[in-house]
Structure formats: structure tokens, C-alpha cells
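The values are calculated or read from the model by the stated rules, or taken from the named source; none is laboratory data. Just so you know, these numbers come straight off a predicted model, no measurement behind them. Cβ coordinates were reconstructed from backbone atoms using ideal geometry, including for glycine residues, and neighbour counts include every protein chain displayed.
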Amino acid sequence: MSLRPATSADLPDLLHMVASYHSHEGITPRPASALSDTLRGLLDYPDRGRIWLILHNDQPAGYLAIAFGYSIELGGREAAIDEIFVNPDHRGKGLGAKALTAFLDWAKGENLVAIHLDVAPDNDGARRLYARFGFESFMGYDLMSCLLPSGIAPEGH
């Protein structure tokens, strides 16, 4: 397993994998052109975040996408794992754990102060995986969101 920064040339693979992830999670499908524009918002502007391909035998097996933020409370630049996905035919091989390890190693080198993610309350497998990497509820807070008119509300959430 390796992580490779995604580029615009990877857009067809990313569109397919993101659509698979969204279908799996019950997220309302978006037109490919709109999804492509959203992905380019990270691919073309690395100050906003990053997308990596999770490779198995040099072939795309999944992806990990993050967005950057900045925390006064925590004292600096932080990132949120927006999506992490491993194709169903590559699951059970430890690729997700290896991708998290590689990503966290990268994040430490970037001097990020925190990594955040959200996970469904009933996703026990993911919760156990994330806990092994030190993720836990932060000071008892729950993630709350206010979706603005310019965003797209996923019906599945």
C-alpha cells in the first residue's frame, strides 16, 4: 500500500470512487460535473486540502481527502479527514489502517495541531479503527453543522 497525491489526471478514478462511497453512505448523488468541480477545488488548490489515492499494487484502491482549518483553541493549523474510502474488493487487507498511518506521519511533518473526522454513531468497526490511532471524542463535543444555501445538503445525513 502506498499513498500518492491525486492530480487532475486521476479525476476519472476519483469520480468513480467518490460515487461508490456516496452510494454506500446513502449520500445523494451529484451530477458528475458538479462533483468534478468540487474535487478540483482540492486538486487545484492545495492550500484548501489534499486528496491522496490509496494504491494497492500501484493501482487505485481508494482515496483519502482532507480539508485544512485553523484553530485558535488548539493553537494552529488543523485538518479534517473529509472522506476515506477503500473499494469493496480491496477491503479486509488493512489498506485503510495503512493509509491512516501514512497520512498521520505526513500530518506530523506538516506541524498540524489536530486531525478531526466524523463517524456515524453506529459504525463500530470504523470507531474501533480510529480509536486505535488515537481518535476520540474531543472534550465531549459532538460535530454540529449548519449547511448554507450555497452548499449541497446530502439527503442521507
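Scanning the stretch 81-111 for residues that are surrounded by 14 or more Cβ atoms within 10 Å (Cβ to Cβ) and over 15 Å from Phe133 (Cα atoms) yields Asp82, Glu83, Phe85, Val86, Asn87, His90.
Screening the stretch 1-80 for strands (runs of 3 or more DSSP E) wholly inside it with 3 or more residues that are under 16 Å from the mean Cα position of the chain (by Cα) and buried (at least 16 other Cβ atoms within 10 Å of the Cβ) returns the ranges 49-56, 59-71. Take Ala126 and tell me if it is among the hydrophobic types (A, V, I, L, M, F, W, C) and touching a helix residue (DSSP H, G or I) at 6+ places or on another chain (Cβ under 7 Å). No: the conditions fail for Ala126. Taking each residue of the stretch 134-148 that is closer than 19 Å to Asp82 by Cβ and free of Cβ contacts under 8 Å to residues at least 40 places away in the same chain and looking for partners that are of a type in the set (S, T, N, Q) and exposed (fewer than 10 other Cβ atoms within 10 Å of the Cβ) with beta-carbon atoms closer than 9 Å, six or more apart or interchain, yields nothing.
In the stretch 112-120 there is at least one residue that is modelled with pLDDT under 95 and either loosely packed, with under 11 Cβ neighbours inside 10 Å or in a helix (DSSP H, G or I) (or both). Among the residues of the stretch 1-49, those that are of a type in the set (D, E, K, R) and at pLDDT 95 or above comprise Arg4, Asp10, Asp13, Asp37, Arg40, Asp44, Asp47, Arg48.
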